[in-house]
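The structure under discussion appears below in the form of C-alpha cells.
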Amino acid sequence: MTFTSHMDAAMAEAIAAGDRGEVPVGAVIVGPQGVVSKAGNRTRELNDPTAHAEVLAIRAACQALGQRLSGFDLYVTLEPCPMCAAAISNARIGRLYYAASDPKSGGIAQGPRVFSHAQCHHKPEVYDGIGAAASEALLRDFFAKQRG
C-alpha cells in the first residue's frame, strides 16, 4: 500500500476559508473509500466559536458514517487546538496529519499536549510537518493583510 497525502485537499479548504475572511485552516477526513468529509473554518460565518475546520469535518463524517471514526485519517493544515484535539480523541480518529505547528494555540505538540494526558482515552498516531511551509505562508499572508 502506498501512502498518499491529502494535505493538498486540506490546503484547498484552508484557501477557501481565507477567501471567506476566516482564519485559513482546512481539514479533510479520509477512509478506505477515500475522502469522507472536508471543511474549512467557519467560526465567523456561523457565529460559532466551535466551527473549526476539524470539528466541522468530524461532524460531517460522523453524520455520514456513525459516531466513531476508527481507522480514518484526519489531515489538517494547522496543529489542532485543545478543543479540536479532544474532538479528535473522542471521535477515535486513527491518524492525524498536520502541516504547521501552532506555538500560540496548539494542543498537540504545544501547550496542553492533550494526547499526553492520562484522561485522554484515545491517542491517534500523529504526523506533523506535512506541507508546513505552504500552510505557514498562507497563515502569515492572511494575518499580514488583517493588520495592514
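The values are calculated or read from the model by the stated rules, or taken from the named source; none is laboratory data. Keep in mind it's a predicted model, so treat the numbers as computed, not measured. Reconstructed Cβ throughout: ideal geometry from the backbone, glycine too, with neighbour counts over all protein chains shown. To get the accessible areas, we keep the full protein, side chains included, count just its heavy atoms, and leave off ligands, DNA and RNA. Shrake-Rupley method; radii C 1.70, N 1.55, O 1.52, S 1.80 Å.
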Name the residue, out of 97, 75, 127, whose mean-square fluctuation peaks in a Gaussian network model built on the chain with Cα pairs under 10 Å. 127
Carbon and sulfur atoms account, in whole percent of the 1.4 Å probe accessible area of the chain, for 52 percent
Amide H neighbours of residue 77 under 5 Å, at least 5 residues apart or on other chains, H built in the peptide plane: list them. 26, 99
Peptide ranges 86-95, 22-31 listed from the most packed, as the mean C-beta count within 10 angstrom indicates: 22-31, 86-95
Add -39500 (n - 2.57) for each DSSP H run of 4 or more in the chain, then divide by its residues: what number comes out at 222 nm, to the nearest 500 deg cm²/dmol? -11000 deg cm²/dmol
Specify, per residue and in Å³, the volume enclosed by the convex hull of the alpha carbon atoms belonging to the chain. 105 Å³
How much length is gained on full extension from residue 117 to residue 137, taking 0.36 nm per residue of separation minus their Cα-Cα distance? 4.1 nm
Pop a pseudo-label 7 angstrom from the Cα along the beta-carbon direction at both residue 12 and residue 46 and give the gap in nm to one decimal. 2.1 nm
15 Å cut-off, amide nitrogen to a point 7 angstrom out along residue 83 Cα→Cβ, residues in segment 38-76: 40-59
